[in-house]
Amino acid sequence: MARYIGPKTKIARKFGDPIYGPDKYFEKKNYPPGHHGANKRRRKTSEYGIQLKEKQKAKYTYGVLERQFAKLFDKALRSKGVTGEVLLQLLESRLDNVVFRLGIAPTRNGARQLISHKHITVNGKVSNIPSFLLKAGDIVGVREKSKSLEVVLNSLETVRYSHSSWLEWDQDQLAGKFLNVPEREDIPENIKEQLIVELYSK
């Protein structure tokens, strides 16, 4: 299975949530896609269907494929703490997500592209692995040769850094510090992680 590159609004409508950020088309049609639109009669979704949908929503939100997601869940299961919360913390600790949260890229897809093209550094060394899991104290920055990239400058101008309590941004150095793993209340994504845990527990 390749990474999804299709219409984002269609996926947002499927989950009834603008998972890719503000979307004027979603606001106009915030009901599931389909030929009959909002008037279509829909069957009641089973418990399994609801759980599966929540897992798919998390995968689309963070741009993670099935095998990667399963590995992260297994790691969360073996870690101390509440499994669902640890899973979200691991997803938030990915390099592509942190580049997005810092505002270096406007989307997670854009962040993955910057990382893959070797424009991003971790602790001063170039990293081209979007799934790299950061640890407390790691410094994520823009490579010196890439600091004049239009896509990076435009993103930093238009995307406001969220000032998350677990991230620290240095505008002069175009670098951010991963202070610690975020608490659940600091993660803004509208994901019911307990449903994902219940799905994997079957």
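Is there a pair in Lys55/Lys80; Lys177/Lys202; Lys55/Lys125; Lys59/Lys147 whose C-alpha atoms are over 28 Å apart, and which pairs would that be?
Details: Lys55/Lys80 21 Å; Lys177/Lys202 38 Å; Lys55/Lys125 33 Å; Lys59/Lys147 30 Å.
Pairs exceeding 28 Å: Lys177/Lys202; Lys55/Lys125; Lys59/Lys147.
Beyond 26 Å, what percent of the Cα pairs of region 69-182 remain?
Numbers: 1042 of 6441 pairs.
Cα-Cα pairs in region 69-182 separated by more than 26 Å: 16 percent.
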Task: Two-site label geometry, Ser127 and Lys71: point separation in nm, points 7 Å out along Cα→Cβ - done: 1.5
Open item on the list: Please report the net charge: other residues with Cβ closer than 12 Å to the Cβ of Asp186, K and R +1, D and E -1.
Closed with: -3
Task: Top positive-direction residue, dipole computed over region 67-174 with Cβ charges, set Ala70, Ile120, Leu90 - done: Ala70
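Under 9 Å from the Cβ of Val82, count the other residues' Cβ atoms, weight Lys and Arg +1, Asp and Glu -1, and hand me the total. All intermediate terms of the calculation are to be shown ahead of the outcome.
Details: positive: Arg184; negative: Glu85, Glu193.
That works out to -1.
None of the figures in this text is laboratory data; all of them are computed from the coordinates on show. All of these numbers come straight from a predicted model, not from anything done at the bench. No Cβ is skipped: glycine too gets one built from the backbone with ideal geometry, and neighbour counts run over all protein chains shown.
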